[in-house]
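Chemist: Structure provided below as C-alpha cells; questions to follow.
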Protein chains: 2
Amino acid sequence: MSLFLVSANKSFDGWHKQYTHESKVLNCSMRFAIYLPPQAASHKVPVLYWLSGLTCTDENFMQKAGAQRLAAKLGIAIVAPDTSPRGEGVADDPNGEYDLGLGAGFYVNATQAPWNRHYRMYDYVVNELPAIVETHFPVSDLRSIAGHSMGGHGALTIALREPERYCSASAFSPICNPVNAPWGQKAFSHYLGEDRGLWRQYDAVELMKESRLPMPVLVDQGLEDNFLSEQLKTENLAKVAADTKYPVTIRMQPGYDHSYYFIASFIEDHLRFHARHLSEQ
Amino acid sequence: MSLFLVSANKSFDGWHKQYTHESKVLNCSMRFAIYLPPQAASHKVPVLYWLSGLTCTDENFMQKAGAQRLAAKLGIAIVAPDTSPRGEGVADDPNGEYDLGLGAGFYVNATQAPWNRHYRMYDYVVNELPAIVETHFPVSDLRSIAGHSMGGHGALTIALREPERYCSASAFSPICNPVNAPWGQKAFSHYLGEDRGLWRQYDAVELMKESRLPMPVLVDQGLEDNFLSEQLKTENLAKVAADTKYPVTIRMQPGYDHSYYFIASFIEDHLRFHARHLSEQ
C-alpha cells in the first residue's frame, strides 16, 4: 500500500500533509490530509477523524477551522478524508447538483448501480483509511470522530454503529435525521434504493434508539443556520437522546450560521472534549 | 457614501462582515471584509488593516489565518481590503499572469496608462478605506497595519511613509526590496514607468534608509519559503534596519513556507504585538 505525498506545510511546529493513495474499497485514487502535531515526532498520538460536508474536500477543514493550534498543544493528530470517491468513471449526479455524487458521498456503502461501484465511504472511513493511517504514521489506535453537516451525520452514525472503534464523537450542524430530510432522502434513495430499513442504518436518530454502547457525544448547532429546520432536525436528536438517556450534549448557539466561521468559533471546545476522552482510555 | 452588506457571519461572539462600496479613488466597486470583535458592541475599538498577497481577495485572511479568536479577546477590529481594483473595464495583465493587474495592485498609485485609471491602491488603503471604516463602524482612529507577501510589502511601505497614521506594522514573508526583485520590477515598470526614483517610494528597504519617525515593526519569514531568495530579499531589510537602527524584529522561522499555514502559526504573536502598541497610544 503506497502513499504519495502531495504537499507538506509546517504548521504550529507540526506538519500538515496531503497524500494520495489507491483505495481498494472505493476503487479509485483518493486524497486525504493529516495534521501531525509536534508530539508525533517522539511518540504515538491519538487521531481525530474529521468528516466534511457537502462540496468539501480534505482542504476545507484544514484551511478554515483553525484546529491545528490546539491539536498541537493537545498532541492530537487530525485526519481529513475527502467527501466522496473521485476521478474518471466515478458516477455523479446526472443533473450536476451538489447534493449527490461527487462531494456528496454521505458516508454510506451504496448498494444501487451505478453508485455501488465506488461509493463505499462508510467502509473507507471506518476501516481502510484508519488502517492506512495507523500503518504509515506515528499514531496510536485511539480514535475519535467529528464532522460538519453531512460529515456530522457521518461522524454520529459511524460512532453509533462502531462504538468499540472510537472514544468520542462530535458534530457541528449535523444532518441528524436524514431519513426525514430532503438531502438525506435524495441521497439515500439513489445510493441505497427504496429499502427504508437500510436507510435507518445511516440515520443518527434511528441508530440512537437502539444504541448498545453509548459514548460521549458533543453537538454544536447554530440557531441562525439556514438549514436547521428543513435539513438538520437537531430537535429530533435531542428528543431521542432524552428518551434513551444517551450522553449527548447539544448546544444551540444563538446567532451562528452553517459556515466555517461557526466551526472555528467552537472547535477548541470539541478538541478539548475529544482530548479528554482519548486520554481516559 | 453607501455600504452594501454582502455577508455576515457570527465569529467568536463578534461579526465577520463583507461590504461593497463605490470607490472614488479606484473608480470602481470594491469589496472589503471587517471583523468586529464583541467589544465593538459597547465601545470604539482600534483597527488592524490586513493587506493580502498576490491573487488574494478580502477572503483569504479572514478564512484561513485564524485571527478572529485572538482579535475577539484583545478587542481589535480587522479590516481586509481586496488586492486590486476589480470589475469591467479594469485593466489586467495582457498575458493573464497572476503578478500584474487583477489581484496584484501592489499597493501603489499607478502613473502609467492604462493602469492609472483604476490602480491607486495606496490612496485607497491609506485614505479612502479608513475614512469609510471610521465613519460606518464603532472603531477609533488608532490603526495598525499588517500583510503577507505583496501585502507585507504594502504594510511596510505604507507604515514607513505614513508613520503618523499607524501605531505599529507587521508582515509575514514581505517583498522587502521589490525594486531588486522580478515581481516588483515587472509591476513597477507597468504601474510606475521607468522612473526609478518613483519606484523607491514603494520599496521598504529604500524607504527605511530615510525614515523620519520609526515605529515598531515585526516581520516573520519562513526559511523554507520558495520565494525567499529571489523575490522577498529579507536580508536586505535586515541590513538596512541594522544600519539605521530601525526598530524591526525579524524572525526567520525554520521549516515554514509561504502559505497561510505559516501565517496561522504566528498570527497570535502579531495580534499581541499590535494590541500592545495600539494600547500605548
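The values are calculated or read from the model by the stated rules, or taken from the named source; none is laboratory data. Every value quoted in this text rests on a predicted model; they were computed, and no experiment measured them. Backbone-built Cβ (ideal geometry, glycine too); neighbour counts: all protein chains shown. Each accessible area value is taken on the protein alone, full model and side chains, heavy atoms only, with ligands, DNA and RNA left out. Shrake-Rupley method; radii C 1.70, N 1.55, O 1.52, S 1.80 Å.
Chemist: Work out how much length residue A:20 to residue A:198 would gain on full extension: take 0.36 nm times their residue separation and subtract the Cα-Cα distance, in nm to one decimal.
Modeler: Residue separation times 0.36 nm, minus the Cα-Cα distance, leaves 61.0 nm.
Chemist: Let me ask something else. Considering only the label points, 7 Å along Cα→Cβ from Cα, what distances in nm to one decimal separate residue B:123 from the same position in each other copy, shortest first?
Modeler: 6.6
Chemist: Distance from the Cα centre of the stretch B:110-171 to that of the stretch A:1-19, in angstrom?
Modeler: Centre-to-centre distance over Cα atoms comes out at 36 Å.
Chemist: Moving on. Give the separation of the Cα centroids, the stretch B:56-104 to the stretch B:211-281, in Å.
Modeler: Spelled out, the Cα-based centre of one part sits 19 Å from the other.
Chemist: Mind checking the mean number of beta-carbon atoms from other chains within 10 Å of the Cβ atoms in B:8-18? Can you show the working numbers first?
Modeler: On the way: counts 4, 12, 12, 9, 5, 4, 2, 2, 3, 0, 0.
Other-chain Cβ atoms within 10 Å of each residue's Cβ, averaged: 5.
Chemist: Kindly sort A:10, A:64 by accessible area of their heavy atoms, largest first, with the probe set to 1.4 Å. Don't skip to the end; give the middle numbers.
Modeler: Details: A:10 30, A:64 60 Å².
Largest accessible area first, the residues go A:64, A:10.
Chemist: Continuing with this model, one more query. Taking amide H atoms as placed 1.01 Å from N in the peptide plane, list the residues 5 or more away in sequence, or in a different chain, whose amide H sits under 5 Å from that of residue A:144.
Modeler: Here the answer is A:47, A:48, A:49, A:167, since their amide H atoms fall under 5 Å of that of residue A:144.
Chemist: Using a label point 7 angstrom from Cα along Cα-to-C-beta, what distances in nm, from shortest up, separate residue A:210 from the other copies?
Modeler: List, nearest first: 8.0 nm.
Chemist: Separate question: Could you sort the peptides B:263-276, A:80-93 by per-residue average Cβ neighbour count (10 Å cutoff), highest mean leading?
Modeler: B:263-276, A:80-93
Chemist: Send over a whole-number figure in Å² for the accessible area per residue of the stretch A:100-149, probe 1.4 Å.
Modeler: For the stretch A:100-149, the per-residue accessible area is 28 Å².
Chemist: Mind grabbing the accessible area of residue A:1 for me, 1.4 Å probe, Å², rounded to tens?
Modeler: 130
Chemist: Let me ask something else about it. To the nearest whole number, what is the average tally of beta carbon atoms from other chains within 10 Å of the beta carbons of peptide B:66-76?
Modeler: Numbers: counts 10, 1, 4, 7, 1, 0, 1, 0, 0, 0, 0.
Per residue, the average neighbour count from other chains is 2.
Chemist: Provide the per residue accessible area, probe 1.4 Å, for the stretch B:11-55, rounded to a whole number of square angstrom.
Modeler: 36
Chemist: Need one value for A:102-112: mean number of C-beta atoms belonging to other chains within 10 Å of its residues' C-beta atoms.
Modeler: 0
Chemist: Run the accessible area of the stretch A:62-101 with a 1.4 Å probe and give the carbon-and-sulfur part as a rounded percent.
Modeler: Values: 610 of 1440 Å².
Answer for the stretch A:62-101: carbon and sulfur cover 42 percent of the accessible area.
Chemist: List the residues whose amide H sits under 5 Å from the amide H of residue B:28, counting only those 5 or more places along or on another chain, with H placed 1.01 Å from N in the peptide plane.
Modeler: Close amide H contacts, sequence-distant or interchain: B:23.
Chemist: Put the label 7 Å from Cα along Cα→Cβ for residue A:4; what are its distances to the other copies, in nanometres, shortest first?
Modeler: 4.5
Chemist: Right, next: Heavy atoms only, probe 1.4 Å: what % of the accessible area of the stretch B:140-249 goes to carbon and sulfur, would you let me know?
Modeler: Accessible surface attributable to carbon and sulfur in the stretch B:140-249 totals 47 percent.
Chemist: Leaving out ligands, DNA and RNA, calculate the buried accessible area for the pair A and B with a 1.4 Å probe, summed over both sides, in Å² to the nearest 100.
Modeler: Chains A and B together bury approximately 1900 Å².
Chemist: Among the residues of chain B, which one places its Cβ closest to the rotation axis that maps chain B onto chain A, and what is that distance in whole Å?
Modeler: Residue plus distance in Å, as requested: B:66, 2.
Chemist: Shifting gears a bit: Could I have the simple spin-label model distance between residue A:117 and residue A:209, label points 7 Å from Cα toward Cβ, reported in nm to one decimal?
Modeler: Using points 7 Å along Cα→Cβ, the separation is 3.6 nm.
Chemist: In a shell of Cβ-Cβ distance under 12 Å around residue B:18, excluding residue B:18 itself, what net charge do Lys and Arg (+1) and Asp and Glu (-1) give?
Modeler: Residues near residue B:18 contribute -1 overall.
Chemist: Threshold 40 Å², probe 1.4 Å: give the residues of the stretch B:264-280, in number order, that are less accessible with all protein chains present than with their chain alone.
Modeler: SASA drop of 40 Å² or more in the stretch B:264-280: B:265.
Chemist: Continuing with the same structure: Considering amide H positions built from the backbone, and no H for Pro or chain starts, which residues 5 or more places from residue B:222, or on another chain, come under 5 Å of its amide H?
Modeler: The list, which skips near neighbours in sequence, is B:173, B:253.
Chemist: Related question: So what is the calculated 222 nm ellipticity per residue for chain A, using -39500 (n - 2.57) for each DSSP H run with n of 4 or more, over all residues, to the nearest 500 deg cm²/dmol?
Modeler: The per-residue figure over chain A is -8500 deg cm²/dmol.
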